[in-house]
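The values are calculated or read from the model by the stated rules, or taken from the named source; none is laboratory data. Since this is a predicted model, take the numbers as computed values, not measurements. Every residue, glycine as well, gets a Cβ built from its backbone with ideal geometry; the counts of neighbours run over all protein chains shown.
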Ligand code: AHR
(Lines give C-alpha, C1' and ligand atoms only; values in the text may rest on other atoms or scores of the structure.)
Protein backbone atom coordinates (compact mmCIF):
# COMPACT_ATOMS: atom_id res chain seq x y z
CA UNK A 1 0.00 0.00 0.00
CA UNK A 2 1.16 3.48 -0.80
CA UNK A 3 2.72 5.30 2.11
CA UNK A 4 1.13 8.68 2.42
CA UNK A 5 0.77 11.55 4.81
CA UNK A 6 -1.95 13.91 5.84
CA UNK A 7 -1.04 17.09 4.07
CA UNK A 8 -1.09 19.23 7.20
CA UNK A 9 0.92 17.07 9.52
CA UNK A 10 3.66 14.56 9.90
CA UNK A 11 5.94 15.70 7.12
CA UNK A 12 9.03 15.01 9.15
CA UNK A 13 7.76 11.70 10.51
CA UNK A 14 7.49 10.37 7.01
CA UNK A 15 11.10 10.84 6.02
CA UNK A 16 11.65 7.17 5.35
CA UNK A 17 8.63 6.70 3.11
CA UNK A 18 9.03 5.72 -0.51
CA UNK A 19 7.06 7.07 -3.42
CA UNK A 20 4.64 4.83 -5.26
CA UNK A 21 4.43 6.60 -8.55
CA UNK A 22 1.57 4.77 -10.19
CA UNK A 23 -0.93 5.16 -7.42
CA UNK A 24 -3.74 7.67 -7.60
CA UNK A 25 -4.42 10.44 -5.09
CA UNK A 26 -8.14 10.62 -4.38
CA UNK A 27 -9.24 14.14 -3.68
CA UNK A 28 -12.64 14.72 -2.08
CA UNK A 29 -14.33 18.08 -2.43
CA UNK A 30 -16.77 19.06 0.29
CA UNK A 31 -19.56 21.38 -0.78
CA UNK A 32 -19.73 22.93 2.67
CA UNK A 33 -22.19 25.79 3.10
CA UNK A 34 -20.26 27.11 6.13
CA UNK A 35 -16.96 27.35 4.28
CA UNK A 36 -15.38 30.82 4.21
CA UNK A 37 -14.97 33.10 1.23
CA UNK A 38 -11.41 33.40 -0.08
CA UNK A 39 -10.63 37.08 0.46
CA UNK A 40 -9.32 38.58 -2.75
CA UNK A 41 -6.69 40.35 -0.66
CA UNK A 42 -4.84 37.04 -0.31
CA UNK A 43 -3.63 37.88 -3.83
CA UNK A 44 -2.01 41.15 -2.73
CA UNK A 45 1.41 42.55 -3.59
CA UNK A 46 4.17 44.58 -2.00
CA UNK A 47 6.22 47.51 -3.33
CA UNK A 48 9.13 48.85 -1.31
CA UNK A 49 11.64 51.62 -1.95
CA UNK A 50 14.22 48.93 -2.58
CA UNK A 51 16.47 48.46 -5.60
CA UNK A 52 14.53 48.89 -8.83
CA UNK A 53 11.07 48.24 -7.46
CA UNK A 54 9.84 51.85 -7.42
CA UNK A 55 12.52 53.80 -9.32
CA UNK A 56 13.20 52.13 -12.68
CA UNK A 57 10.34 49.75 -11.95
CA UNK A 58 6.92 51.23 -11.32
CA UNK A 59 8.06 54.83 -11.59
CA UNK A 60 10.06 56.31 -14.44
CA UNK A 61 8.99 59.95 -14.04
CA UNK A 62 6.75 61.92 -16.35
CA UNK A 63 9.60 63.06 -18.60
CA UNK A 64 10.52 59.47 -19.50
CA UNK A 65 10.12 58.18 -23.07
CA UNK A 66 8.62 55.01 -21.62
CA UNK A 67 4.84 55.45 -21.88
CA UNK A 68 3.60 56.52 -18.46
CA UNK A 69 0.79 58.17 -16.57
CA UNK A 70 2.14 60.81 -14.21
CA UNK A 71 5.44 58.91 -14.17
CA UNK A 72 4.01 55.41 -13.58
CA UNK A 73 4.69 52.91 -16.38
CA UNK A 74 1.56 52.11 -18.40
CA UNK A 75 2.75 48.58 -19.24
CA UNK A 76 3.08 47.69 -15.56
CA UNK A 77 -0.31 49.16 -14.75
CA UNK A 78 -1.91 47.14 -17.57
CA UNK A 79 -0.19 43.90 -16.50
CA UNK A 80 -1.22 44.30 -12.86
CA UNK A 81 -4.79 45.20 -13.74
CA UNK A 82 -4.90 42.04 -15.80
CA UNK A 83 -3.80 40.20 -12.68
CA UNK A 84 -6.70 41.79 -10.76
CA UNK A 85 -4.23 43.07 -8.18
CA UNK A 86 -6.44 43.62 -5.11
CA UNK A 87 -4.07 45.59 -2.89
CA UNK A 88 -0.54 46.95 -2.76
CA UNK A 89 1.58 47.44 0.36
CA UNK A 90 3.99 50.43 0.46
CA UNK A 91 6.56 51.98 1.22
CA UNK A 92 8.22 49.02 3.01
CA UNK A 93 9.45 46.72 4.47
CA UNK A 94 12.41 47.93 6.43
CA UNK A 95 12.28 51.20 4.50
CA UNK A 96 8.92 52.04 6.12
CA UNK A 97 10.44 52.60 9.55
CA UNK A 98 12.86 55.16 8.09
CA UNK A 99 10.27 56.92 5.95
CA UNK A 100 8.85 60.32 6.82
CA UNK A 101 5.85 60.82 4.57
CA UNK A 102 5.96 64.60 4.67
CA UNK A 103 9.29 64.39 2.77
CA UNK A 104 7.37 62.98 -0.20
CA UNK A 105 4.63 65.59 -0.72
CA UNK A 106 4.56 69.05 -2.28
CA UNK A 107 6.69 70.47 -5.09
CA UNK A 108 9.33 67.98 -6.24
CA UNK A 109 12.19 70.47 -6.11
CA UNK A 110 11.50 71.18 -2.45
CA UNK A 111 11.50 67.57 -1.31
CA UNK A 112 14.45 66.62 0.88
CA UNK A 113 16.63 63.62 0.12
CA UNK A 114 17.35 60.78 2.51
CA UNK A 115 19.74 57.85 2.42
CA UNK A 116 18.11 54.45 2.04
CA UNK A 117 20.07 52.85 4.85
CA UNK A 118 18.66 49.35 4.43
CA UNK A 119 18.88 48.95 0.70
CA UNK A 120 22.21 49.79 -0.89
CA UNK A 121 22.73 53.16 0.83
CA UNK A 122 21.38 54.96 -2.23
CA UNK A 123 20.08 58.49 -2.06
CA UNK A 124 16.31 58.64 -2.15
CA UNK A 125 15.00 61.86 -3.64
CA UNK A 126 11.42 61.32 -2.47
CA UNK A 127 10.11 61.97 -5.98
CA UNK A 128 7.67 59.07 -5.52
CA UNK A 129 5.53 59.92 -2.51
CA UNK A 130 2.04 59.64 -1.06
CA UNK A 131 0.17 61.24 -3.99
CA UNK A 132 2.11 59.21 -6.54
CA UNK A 133 1.45 55.95 -4.73
CA UNK A 134 -2.21 56.52 -3.94
CA UNK A 135 -3.00 57.82 -7.43
CA UNK A 136 -1.20 54.76 -8.82
CA UNK A 137 -3.42 52.51 -6.68
CA UNK A 138 -6.45 54.24 -8.19
CA UNK A 139 -5.09 53.51 -11.68
CA UNK A 140 -4.55 49.89 -10.68
CA UNK A 141 -7.95 49.55 -9.02
CA UNK A 142 -6.08 48.23 -5.96
CA UNK A 143 -6.60 49.03 -2.27
CA UNK A 144 -3.55 50.77 -0.84
CA UNK A 145 -1.96 49.30 2.28
CA UNK A 146 0.28 51.91 3.93
CA UNK A 147 3.00 50.83 6.37
CA UNK A 148 3.46 53.47 9.05
CA UNK A 149 6.77 54.42 10.62
CA UNK A 150 6.90 53.32 14.26
CA UNK A 151 10.63 52.68 14.59
CA UNK A 152 11.87 56.21 13.87
CA UNK A 153 8.59 58.08 13.52
CA UNK A 154 6.17 59.63 15.94
CA UNK A 155 2.57 59.01 16.90
CA UNK A 156 1.72 62.48 15.63
CA UNK A 157 3.35 61.80 12.26
CA UNK A 158 1.35 58.63 11.66
CA UNK A 159 -1.88 60.14 12.91
CA UNK A 160 -1.29 63.10 10.57
CA UNK A 161 -0.78 60.73 7.65
CA UNK A 162 -4.19 59.18 8.27
CA UNK A 163 -5.77 62.63 8.46
CA UNK A 164 -3.96 63.72 5.28
CA UNK A 165 -5.17 60.74 3.23
CA UNK A 166 -8.60 60.16 4.76
CA UNK A 167 -10.28 63.32 6.05
CA UNK A 168 -12.67 65.23 3.81
CA UNK A 169 -13.50 68.03 6.31
CA UNK A 170 -11.38 71.03 7.17
CA UNK A 171 -8.23 70.23 9.11
CA UNK A 172 -4.52 71.11 8.96
CA UNK A 173 -3.69 67.94 7.06
CA UNK A 174 -6.64 67.96 4.66
CA UNK A 175 -5.89 71.61 3.88
CA UNK A 176 -2.31 70.60 3.10
CA UNK A 177 -3.53 67.77 0.86
CA UNK A 178 -5.77 70.19 -1.03
CA UNK A 179 -2.91 72.65 -1.38
CA UNK A 180 -0.92 69.81 -2.96
CA UNK A 181 -3.61 69.27 -5.57
CA UNK A 182 -5.91 66.58 -4.21
CA UNK A 183 -9.36 67.62 -3.04
CA UNK A 184 -11.06 64.32 -2.22
CA UNK A 185 -9.46 62.01 0.34
CA UNK A 186 -8.30 58.61 -0.86
CA UNK A 187 -9.84 56.81 2.14
CA UNK A 188 -7.01 54.41 2.78
CA UNK A 189 -8.32 51.39 4.63
CA UNK A 190 -5.27 49.25 5.45
CA UNK A 191 -2.64 50.65 7.83
CA UNK A 192 0.39 48.77 9.10
CA UNK A 193 1.70 49.95 12.47
CA UNK A 194 5.41 49.43 11.85
CA UNK A 195 7.18 46.61 10.05
CA UNK A 196 9.23 43.77 11.50
CA UNK A 197 9.28 45.51 14.87
CA UNK A 198 11.36 42.57 16.14
CA UNK A 199 14.16 43.49 13.68
CA UNK A 200 14.72 46.39 11.28
CA UNK A 201 11.62 48.10 12.67
CA UNK A 202 13.29 48.78 16.03
CA UNK A 203 14.56 45.50 17.53
CA UNK A 204 11.71 45.55 20.03
CA UNK A 205 10.53 42.80 22.30
CA UNK A 206 6.97 41.61 21.72
CA UNK A 207 5.87 43.17 25.02
CA UNK A 208 7.41 46.54 24.19
CA UNK A 209 5.93 46.54 20.69
CA UNK A 210 2.46 45.65 21.99
CA UNK A 211 2.63 48.81 24.16
CA UNK A 212 3.82 50.91 21.22
CA UNK A 213 1.07 49.46 19.04
CA UNK A 214 -1.61 50.41 21.54
CA UNK A 215 -0.30 53.96 21.72
CA UNK A 216 0.00 54.47 17.94
CA UNK A 217 -3.35 52.78 17.27
CA UNK A 218 -5.11 55.03 19.79
CA UNK A 219 -4.34 58.17 17.80
CA UNK A 220 -5.06 56.75 14.35
CA UNK A 221 -8.64 57.94 14.10
CA UNK A 222 -10.39 57.27 10.85
CA UNK A 223 -11.45 60.94 11.09
CA UNK A 224 -14.92 60.38 9.73
CA UNK A 225 -16.14 57.86 12.31
CA UNK A 226 -16.98 55.29 9.67
CA UNK A 227 -15.00 52.56 11.36
CA UNK A 228 -13.26 52.29 8.07
CA UNK A 229 -9.58 51.74 8.88
CA UNK A 230 -7.99 48.37 9.53
CA UNK A 231 -4.96 48.63 11.82
CA UNK A 232 -2.46 45.86 11.31
CA UNK A 233 0.18 44.81 13.83
CA UNK A 234 3.69 44.03 12.71
CA UNK A 235 3.72 40.28 12.98
CA UNK A 236 6.06 37.49 13.82
CA UNK A 237 9.18 36.34 12.09
CA UNK A 238 8.13 32.93 10.74
CA UNK A 239 7.77 30.54 13.69
CA UNK A 240 8.02 33.08 16.51
CA UNK A 241 4.75 31.97 18.10
CA UNK A 242 5.47 33.87 21.29
CA UNK A 243 5.24 37.10 19.28
CA UNK A 244 1.68 36.33 18.17
CA UNK A 245 0.73 35.16 21.67
CA UNK A 246 1.97 38.37 23.31
CA UNK A 247 0.23 40.62 20.77
CA UNK A 248 -3.07 38.75 21.00
CA UNK A 249 -2.93 38.80 24.79
CA UNK A 250 -1.95 42.45 25.21
CA UNK A 251 -3.76 44.34 22.47
CA UNK A 252 -7.54 44.82 22.89
CA UNK A 253 -9.30 43.14 19.97
CA UNK A 254 -11.17 46.32 19.08
CA UNK A 255 -7.82 47.96 18.29
CA UNK A 256 -6.60 45.10 16.14
CA UNK A 257 -7.74 44.56 12.57
CA UNK A 258 -4.97 42.18 11.62
CA UNK A 259 -1.79 40.55 12.80
CA UNK A 260 1.04 40.08 10.33
CA UNK A 261 3.29 37.09 9.69
CA UNK A 262 6.43 37.20 7.54
CA UNK A 263 7.92 34.06 6.08
CA UNK A 264 10.39 33.74 3.24
CA UNK A 265 11.30 30.44 1.58
CA UNK A 266 15.05 30.38 2.10
CA UNK A 267 17.50 27.50 1.88
CA UNK A 268 19.86 29.04 4.45
CA UNK A 269 20.13 32.74 5.36
CA UNK A 270 23.92 32.46 5.21
CA UNK A 271 23.94 30.73 1.80
CA UNK A 272 20.70 31.36 0.00
CA UNK A 273 21.64 29.59 -3.23
CA UNK A 274 21.67 30.70 -6.84
CA UNK A 275 18.44 32.10 -8.27
CA UNK A 276 18.55 29.99 -11.45
CA UNK A 277 21.51 27.61 -11.40
CA UNK A 278 20.20 25.39 -8.64
CA UNK A 279 20.22 21.62 -8.22
CA UNK A 280 17.32 19.39 -7.23
CA UNK A 281 18.65 19.67 -3.69
CA UNK A 282 18.33 23.47 -3.86
CA UNK A 283 14.80 23.09 -5.16
CA UNK A 284 13.86 20.55 -2.50
CA UNK A 285 15.18 22.73 0.31
CA UNK A 286 13.40 25.81 -1.02
CA UNK A 287 10.15 23.86 -1.14
CA UNK A 288 10.74 22.50 2.36
CA UNK A 289 10.97 26.07 3.58
CA UNK A 290 8.01 27.24 1.47
CA UNK A 291 5.69 24.42 2.57
CA UNK A 292 6.45 25.26 6.18
CA UNK A 293 3.82 27.93 5.60
CA UNK A 294 1.15 25.28 6.29
CA UNK A 295 2.47 24.67 9.79
CA UNK A 296 3.03 28.39 10.44
CA UNK A 297 -0.47 29.40 9.47
CA UNK A 298 -1.98 26.51 11.42
CA UNK A 299 -0.05 27.26 14.61
CA UNK A 300 -0.40 31.06 14.48
CA UNK A 301 -4.15 30.53 13.83
CA UNK A 302 -4.46 28.26 16.86
CA UNK A 303 -2.96 31.01 19.05
CA UNK A 304 -5.25 33.63 17.56
CA UNK A 305 -8.25 31.32 18.11
CA UNK A 306 -7.54 31.28 21.87
CA UNK A 307 -8.01 35.05 22.14
CA UNK A 308 -10.33 35.61 19.20
CA UNK A 309 -12.51 32.53 18.70
CA UNK A 310 -14.85 34.48 16.42
CA UNK A 311 -11.96 35.10 14.06
CA UNK A 312 -12.52 38.85 13.91
CA UNK A 313 -8.81 39.60 13.62
CA UNK A 314 -7.28 38.71 10.27
CA UNK A 315 -3.97 36.96 9.78
CA UNK A 316 -2.06 38.99 7.24
CA UNK A 317 0.95 37.31 5.67
CA UNK A 318 2.28 40.62 4.44
CA UNK A 319 5.62 39.29 3.21
CA UNK A 320 6.15 35.89 1.61
CA UNK A 321 8.05 34.38 -1.31
CA UNK A 322 11.35 32.81 -2.35
CA UNK A 323 14.61 34.57 -1.48
CA UNK A 324 17.85 33.59 -3.23
CA UNK A 325 21.24 35.20 -3.82
CA UNK A 326 20.92 38.21 -6.10
CA UNK A 327 21.34 37.72 -9.84
CA UNK A 328 25.08 37.61 -10.55
CA UNK A 329 26.53 41.04 -11.28
CA UNK A 330 23.69 43.00 -9.65
CA UNK A 331 23.82 45.22 -6.56
CA UNK A 332 23.58 42.95 -3.46
CA UNK A 333 21.45 45.62 -1.76
CA UNK A 334 18.87 45.58 -4.55
CA UNK A 335 17.63 41.98 -4.14
CA UNK A 336 17.08 41.43 -7.86
CA UNK A 337 16.63 37.74 -8.66
CA UNK A 338 15.44 35.65 -11.59
CA UNK A 339 12.13 33.83 -11.39
CA UNK A 340 12.03 30.19 -12.55
CA UNK A 341 9.61 27.28 -12.59
CA UNK A 342 10.70 26.71 -8.98
CA UNK A 343 8.99 30.00 -8.13
CA UNK A 344 5.84 29.02 -9.99
CA UNK A 345 5.57 25.81 -7.94
CA UNK A 346 6.33 27.74 -4.74
CA UNK A 347 3.64 30.34 -5.51
CA UNK A 348 1.01 27.78 -6.48
CA UNK A 349 1.55 25.67 -3.36
CA UNK A 350 1.65 28.70 -1.02
CA UNK A 351 -1.51 30.23 -2.46
CA UNK A 352 -3.26 26.87 -1.99
CA UNK A 353 -2.28 27.02 1.69
CA UNK A 354 -3.71 30.52 2.03
CA UNK A 355 -6.93 29.57 0.23
CA UNK A 356 -7.41 26.56 2.48
CA UNK A 357 -6.97 28.79 5.57
CA UNK A 358 -9.27 31.52 4.30
CA UNK A 359 -11.16 31.49 7.60
CA UNK A 360 -8.21 33.34 9.18
CA UNK A 361 -5.82 34.40 6.41
CA UNK A 362 -7.51 37.38 4.86
CA UNK A 363 -4.60 39.16 3.23
CA UNK A 364 -1.17 38.24 1.92
CA UNK A 365 1.45 40.22 0.03
CA UNK A 366 3.96 38.56 -2.26
CA UNK A 367 7.43 40.07 -1.87
CA UNK A 368 7.83 41.92 -4.08
CA UNK A 369 5.92 43.13 -7.09
CA UNK A 370 8.55 44.48 -9.53
CA UNK A 371 12.30 43.70 -9.85
CA UNK A 372 12.74 42.56 -6.23
CA UNK A 373 12.75 38.99 -4.80
CA UNK A 374 9.90 36.82 -6.17
CA UNK A 375 8.68 39.49 -8.56
CA UNK A 376 5.75 39.08 -10.92
CA UNK A 377 7.23 41.71 -13.24
CA UNK A 378 10.83 42.38 -14.34
CA UNK A 379 11.96 45.43 -16.28
CA UNK A 380 15.06 46.36 -18.21
CA UNK A 381 14.82 49.99 -19.26
CA UNK A 382 11.88 50.09 -21.73
CA UNK A 383 11.43 46.31 -21.73
CA UNK A 384 9.03 44.58 -19.38
CA UNK A 385 8.34 40.87 -18.90
CA UNK A 386 6.06 38.86 -16.67
CA UNK A 387 7.45 35.92 -14.71
CA UNK A 388 6.17 32.36 -14.13
CA UNK A 389 4.92 33.59 -10.74
CA UNK A 390 2.83 36.19 -12.57
CA UNK A 391 1.21 33.39 -14.58
CA UNK A 392 0.34 31.51 -11.39
CA UNK A 393 -1.21 34.61 -9.82
CA UNK A 394 -3.16 35.17 -13.01
CA UNK A 395 -4.59 31.65 -13.20
CA UNK A 396 -5.33 31.68 -9.47
CA UNK A 397 -7.11 35.05 -9.63
CA UNK A 398 -10.32 33.04 -10.22
CA UNK A 399 -10.27 32.20 -6.50
CA UNK A 400 -10.58 35.87 -5.49
CA UNK A 401 -13.74 36.35 -3.42
CA UNK A 402 -14.96 32.86 -4.34
CA UNK A 403 -16.33 30.43 -1.75
CA UNK A 404 -13.79 27.90 -0.57
CA UNK A 405 -14.58 24.27 -1.35
CA UNK A 406 -12.72 22.43 1.41
CA UNK A 407 -10.71 19.43 0.23
CA UNK A 408 -9.58 16.29 1.89
CA UNK A 409 -6.87 14.01 0.54
CA UNK A 410 -3.67 12.28 1.47
CA UNK A 411 -0.77 13.52 -0.53
CA UNK A 412 1.77 11.11 -1.95
CA UNK A 413 5.35 11.91 -1.09
CA UNK A 414 8.09 13.64 -2.97
CA UNK A 415 11.22 12.06 -1.55
CA UNK A 416 14.74 13.36 -1.99
CA UNK A 417 17.79 11.89 -0.24
CA UNK A 418 15.70 10.28 2.47
CA UNK A 419 13.55 13.33 3.23
CA UNK A 420 9.98 13.80 2.06
CA UNK A 421 7.46 16.49 1.27
CA UNK A 422 3.81 16.28 0.24
CA UNK A 423 3.96 16.06 -3.56
CA UNK A 424 0.45 17.29 -4.28
CA UNK A 425 -0.96 20.62 -3.23
CA UNK A 426 -4.54 21.63 -4.00
CA UNK A 427 -7.35 24.05 -3.27
CA UNK A 428 -10.77 24.66 -4.79
CA UNK A 429 -13.49 27.28 -4.84
CA UNK A 430 -16.85 28.14 -6.36
CA UNK A 431 -17.34 31.66 -7.69
CA UNK A 432 -20.49 33.77 -7.60
CA UNK A 433 -21.50 32.51 -11.07
CA UNK A 434 -21.29 28.89 -9.95
CA UNK A 435 -18.02 28.12 -11.75
CA UNK A 436 -15.74 25.72 -9.87
CA UNK A 437 -11.96 26.14 -9.90
CA UNK A 438 -9.49 23.55 -8.72
CA UNK A 439 -5.83 24.51 -8.48
CA UNK A 440 -3.35 21.65 -8.35
CA UNK A 441 0.41 21.69 -7.94
CA UNK A 442 2.77 18.78 -8.44
CA UNK A 443 5.76 19.63 -6.27
CA UNK A 444 7.64 16.49 -7.28
CA UNK A 445 10.63 17.36 -9.45
CA UNK A 446 10.76 13.99 -11.24
CA UNK A 447 7.47 12.12 -11.15
CA UNK A 448 4.06 12.83 -12.56
CA UNK A 449 1.09 12.37 -10.26
CA UNK A 450 -2.33 10.91 -10.87
CA UNK A 451 -5.26 12.57 -9.15
CA UNK A 452 -8.92 11.55 -9.08
CA UNK A 453 -11.71 13.93 -8.08
CA UNK A 454 -15.38 13.16 -7.75
CA UNK A 455 -17.10 16.20 -9.25
CA UNK A 456 -20.65 14.81 -9.56
CA UNK A 457 -22.18 17.01 -6.88
CA UNK A 458 -20.57 20.29 -7.84
CA UNK A 459 -23.31 21.42 -10.21
CA UNK A 460 -21.01 21.81 -13.20
CA UNK A 461 -20.99 19.92 -16.48
CA UNK A 462 -17.78 20.47 -18.36
CA UNK A 463 -14.18 21.11 -17.41
CA UNK A 464 -11.34 22.95 -19.09
CA UNK A 465 -7.80 23.37 -17.83
CA UNK A 466 -4.67 25.49 -18.04
CA UNK A 467 -1.14 24.49 -17.08
CA UNK A 468 2.13 26.22 -16.26
CA UNK A 469 5.13 23.99 -16.83
CA UNK A 470 8.39 23.83 -18.75
CA UNK A 471 11.12 21.40 -19.78
CA UNK A 472 13.38 22.26 -16.85
CA UNK A 473 12.80 23.52 -13.33
CA UNK A 474 15.47 26.13 -13.95
CA UNK A 475 13.66 27.63 -16.98
CA UNK A 476 12.59 31.26 -16.82
CA UNK A 477 11.35 34.09 -18.98
CA UNK A 478 14.14 36.37 -20.18
CA UNK A 479 13.98 39.66 -22.03
CA UNK A 480 14.90 37.69 -25.18
CA UNK A 481 12.43 34.84 -24.60
CA UNK A 482 9.66 36.54 -22.61
CA UNK A 483 7.06 33.87 -23.31
CA UNK A 484 9.01 30.73 -22.55
CA UNK A 485 6.77 30.00 -19.57
CA UNK A 486 3.16 31.08 -19.98
CA UNK A 487 -0.09 29.24 -19.25
CA UNK A 488 -1.14 26.81 -21.99
CA UNK A 489 -4.20 24.64 -22.46
CA UNK A 490 -4.10 21.50 -20.31
CA UNK A 491 -5.57 18.34 -21.72
CA UNK A 492 -4.17 15.83 -19.27
CA UNK A 493 -7.52 14.88 -17.76
CA UNK A 494 -10.67 12.92 -18.54
CA UNK A 495 -14.12 13.26 -17.06
CA UNK A 496 -15.32 9.67 -16.58
CA UNK A 497 -18.96 9.92 -15.54
CA UNK A 498 -18.37 12.59 -12.92
CA UNK A 499 -14.90 11.39 -11.92
CA UNK A 500 -12.07 13.57 -13.12
CA UNK A 501 -8.90 11.61 -13.75
CA UNK A 502 -5.95 13.93 -13.99
CA UNK A 503 -2.29 13.30 -14.68
CA UNK A 504 -0.18 16.24 -13.65
CA UNK A 505 3.43 16.42 -14.87
CA UNK A 506 6.35 17.02 -12.50
CA UNK A 507 6.88 20.59 -11.23
CA UNK A 508 3.75 22.04 -12.76
CA UNK A 509 0.73 24.09 -11.77
CA UNK A 510 -2.73 23.32 -13.15
CA UNK A 511 -6.01 25.17 -12.77
CA UNK A 512 -9.21 23.39 -13.82
CA UNK A 513 -12.44 25.23 -14.43
CA UNK A 514 -15.82 23.52 -14.21
CA UNK A 515 -18.92 25.21 -15.58
O1 LIG B 1 11.30 42.28 1.35
C2 LIG B 1 12.59 42.60 1.75
C3 LIG B 1 12.70 42.83 3.24
O4 LIG B 1 12.43 41.63 3.92
C5 LIG B 1 11.70 43.79 3.84
O6 LIG B 1 12.11 45.11 3.71
C7 LIG B 1 11.68 43.38 5.28
O8 LIG B 1 10.45 43.66 5.89
C9 LIG B 1 11.99 41.90 5.23
O10 LIG B 1 12.95 41.54 6.12
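Considering only residues that are touching a strand residue (DSSP E or B) at 6+ places or on another chain (Cβ under 6 Å) and more than 16 Å from the ligand (Cβ to nearest atom), which ones fall in region 104-120?
113
Yes/no matrix, rows are residues, columns are (1) in contact (Cβ under 8 Å) with a residue 60 or more places away in the chain; (2) in a helix (DSSP H, G or I):
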| residue | (1), (2) |
| --- | --- |
| 106 | yes, no |
| 109 | no, yes |
| 117 | no, no |
| 127 | yes, no |
| 165 | no, yes |
| 176 | yes, yes |
| 181 | no, no |
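Does residue 86 satisfy the criteria of being touching a helix residue (DSSP H, G or I) at 6+ places or on another chain (Cβ under 8 Å) and more than 16 Å from the ligand (Cβ to nearest atom)?
So residue 86 passes the test.
Filtering region 341-398 down to residues that are closer than 25 Å to residue 436 by Cα and in a loop (DSSP other than H, G, I, E, B), which residue is farthest from the ligand (Cβ to nearest atom)?
Per the criteria, the residue is 359.
Could you list, in sequence order, the residues of region 118-132 that are closer than 23 Å to residue 196 by Cβ and crowded, with 16+ Cβ neighbours inside 10 Å?
Passing the criteria: 118, 119, 122, 124, 126, 128, 129, 130.
Read through the list (1) farther than 23 Å from residue 277 by Cα; (2) in contact with a helix residue (DSSP H, G or I) (Cβ under 9 Å, 6 or more places away or on another chain); (3) surrounded by fewer than 21 Cβ atoms within 10 Å (Cβ to Cβ), then give the number of the only condition that residue 416 fails.
Just one mismatch for residue 416, condition (1).
Does region 217-238 contain any residue that is in a helix (DSSP H, G or I), within 16 Å of the ligand (Cβ to nearest atom) and either assigned by TED's automatic domain parsing to the domain that holds residue 131 or within 23 Å of the chain's Cα centre (by Cα) (or both)?
Checking region 217-238: not a single residue is in a helix (DSSP H, G or I), within 16 Å of the ligand (Cβ to nearest atom) and either assigned by TED's automatic domain parsing to the domain that holds residue 131 or within 23 Å of the chain's Cα centre (by Cα) (or both).
Using the structure shown, decide if residue 181 is surrounded by fewer than 19 Cβ atoms within 10 Å (Cβ to Cβ) and either at pLDDT below 95 or more than 14 Å from the ligand (Cβ to nearest atom) (or both).
Criteria met by residue 181.
Being without any contact (Cβ under 8 Å) to a residue 60 or more places away in the chain and within 26 Å of residue 485 (Cβ to Cβ) is the filter here; which residues of region 287-316 pass it?
289, 292
Looking only at region 90-103, filter to residues that are in a helix (DSSP H, G or I) and in contact (Cβ under 8 Å) with a residue 60 or more places away in the chain; which one of those is farthest from the ligand (Cβ to nearest atom)?
Across region 90-103, the extreme among qualifying residues is 101.
Starting from residues that are free of Cβ contacts under 8 Å to residues at least 60 places away in the same chain and at positive phi, keep the ones in region 184-211 and report whichever is nearest to the ligand (Cβ to nearest atom).
Once the filter is applied, the top-ranked residue is 203.
To keep it simple, each residue is scored yes or no on (1) touching a strand residue (DSSP E or B) at 6+ places or on another chain (Cβ under 6 Å); (2) over 30 Å from residue 384 (Cβ atoms).
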residue	(1), (2)
407	yes, yes
418	no, yes
424	yes, yes
437	yes, no
451	yes, yes
463	yes, yes
468	yes, no
487	yes, no
493	yes, yes
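Collect the residues in region 90-119 that are under 22 Å from residue 262 (Cα atoms) and either touching a helix residue (DSSP H, G or I) at 6+ places or on another chain (Cβ under 9 Å) or at pLDDT below 95 (or both), keeping them in residue-number order.
Selection gives 90, 91, 92, 116, 117, 118, 119.
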